[in-house]
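The values are calculated or read from the model by the stated rules, or taken from the named source; none is laboratory data. Note that the structure is a prediction, hence the values are computed from the model and not measured. As a convention, Cβ positions derive from the backbone with ideal geometry for all residues, glycine included, and neighbour counts pool all protein chains shown.
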Amino acid sequence: MTRYELTDRQWQRLEPLLPPERPPTGRPNHHHRTILNGILWVLRTGAPWRDLPERYGPVGTVSSRFYRWCQSGLWQRLLSALQEQADARGEIDWDLHFVDATIVRAHQHAAGARRTAPSGGEAQDEALGRSQGGFSTKLHLRAEGGGKPIIAVLTGGERHEQIVLEGLLDGGAIRRVGRGRPRLRPRRLAGDKGYSSPTARRRLRQRRISPVIPTRKDQRSQPNFDREAYRERNKVERLINRLKQFRRIATRYEKRAANYLAMVNLGMIMLWL
């Protein structure tokens with residue numbers, strides 16, 4: 001086993017959440033664990049699918065299963081299930097959450113996606129744009145109080161952080177193991193000065209969330225600003241650094257935003273295991 005592969009403990013937690021494997025039909029039946037290890041090899045190394053080592057099976061089998069699971073929403077379901085289990089164990093801090101965003105440079109191979117949906121519908125937003133850093137995607141994250149990821153949202157690299165603040169607040173609900181509504185909103189939310197605006201603070205108040213956001217020089221200072229809580233915002237910055245250890249997340253190669261978001265969700269899954 002290499003450092004790119006699942007440990008026995010990680011596999012034991014993931015196996016019950018995966019779809020059942022099909023029985024052999026005359027052709028070799030590649031085990032889910034082998035396929036997942038191949039996908040993780042691509043995620044960690046950033047190498048193209050064609051360079052996949054033979055021990056993980058045929059390239060077409062590994063890549064097609066990744067995209068098939070992406071279309072079925074499996075990666076998001078795995079992430080939600082792991083978060084649900086962690087919340088049942090009391091490992092999620094709902095007192096203080098953090099939001100932040102980071103620029104991800106898009107490789108030239110990320111360009112060229114079909115501008116209209118395959119069925120002839122409206123054009124899809126592939127979360128690509130041009131910022132001062134060039135052709136890029138912006139990755140927006142919300143982390144819980146311990147620094148674990150809750151939800152990720154993609155936009156073009158030139159979009160402002162506040163554009164998706166509502167999406168970060170209204171997404172990422174975590175179901176309870178027993179009865180009760182899913183948990184969604186923390187008591188407080190910390191963000192940098194990029195989130196300091198009357199609109200953002202109003203959105204937080206509407207959701208009964210106390211802002212831990214410093215004011216800019218051109219704004220009236222907040223007398224109840226919690227500096228001690230704001231110092232903990234480094235947890236979301238460390239989370240971004242951990243996610244970017246996966247080279248397929250640090251640089252975007254996927255043409256479709258849904259496929260790149262699946263890579264991000266897979267990286268988040270590994271942090272919850």
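Across the range 228-273, which residue is surrounded by the fewest Cβ atoms within 10 Å (Cβ to Cβ) among those that are closer than 16 Å to ILE151 by Cβ and among the small types (Gly, Ala, Ser)? Selected residue: ALA258. Taking PRO118 and the conditions (1) outside the structural domain of ARG201 (by TED's automatic domain parsing); (2) modelled with pLDDT of 90 or more, which numbered condition does it fall short on, given that it satisfies the others? The single condition PRO118 does not satisfy is (2). Only residues that are part of a strand (DSSP E or B) and among the hydroxyl-bearing types (Ser, Thr, Tyr) were counted across the range 235-273, and they come to 1.
Of the residues GLU5, GLU54, GLU91, which single one is more than 25 Å from ALA258 (Cβ to Cβ), at pLDDT 90 or above, among the acidic types (Asp, Glu) and surrounded by 13 or more Cβ atoms within 10 Å (Cβ to Cβ)? First the steps, then the outcome.
Values: GLU5 fails: at pLDDT 90 or above; GLU54 fails: surrounded by 13 or more Cβ atoms within 10 Å (Cβ to Cβ).
Residue meeting the stated conditions: GLU91.
Taking the listed residues LYS217, LYS255, the one that is touching a helix residue (DSSP H, G or I) at 6+ places or on another chain (Cβ under 8 Å) and among the basic types (Lys, Arg) is LYS255, with no other qualifying. Could you say whether any residue in the range 195-205 is in the same structural domain as ILE163 (by TED's automatic domain parsing), assigned to a strand (DSSP E or B), out of contact with any helix residue (DSSP H, G or I) (no Cβ under 6 Å at 6 or more places or on another chain) and at pLDDT 90 or above? Checking the range 195-205: not a single residue is in the same structural domain as ILE163 (by TED's automatic domain parsing), assigned to a strand (DSSP E or B), out of contact with any helix residue (DSSP H, G or I) (no Cβ under 6 Å at 6 or more places or on another chain) and at pLDDT 90 or above.
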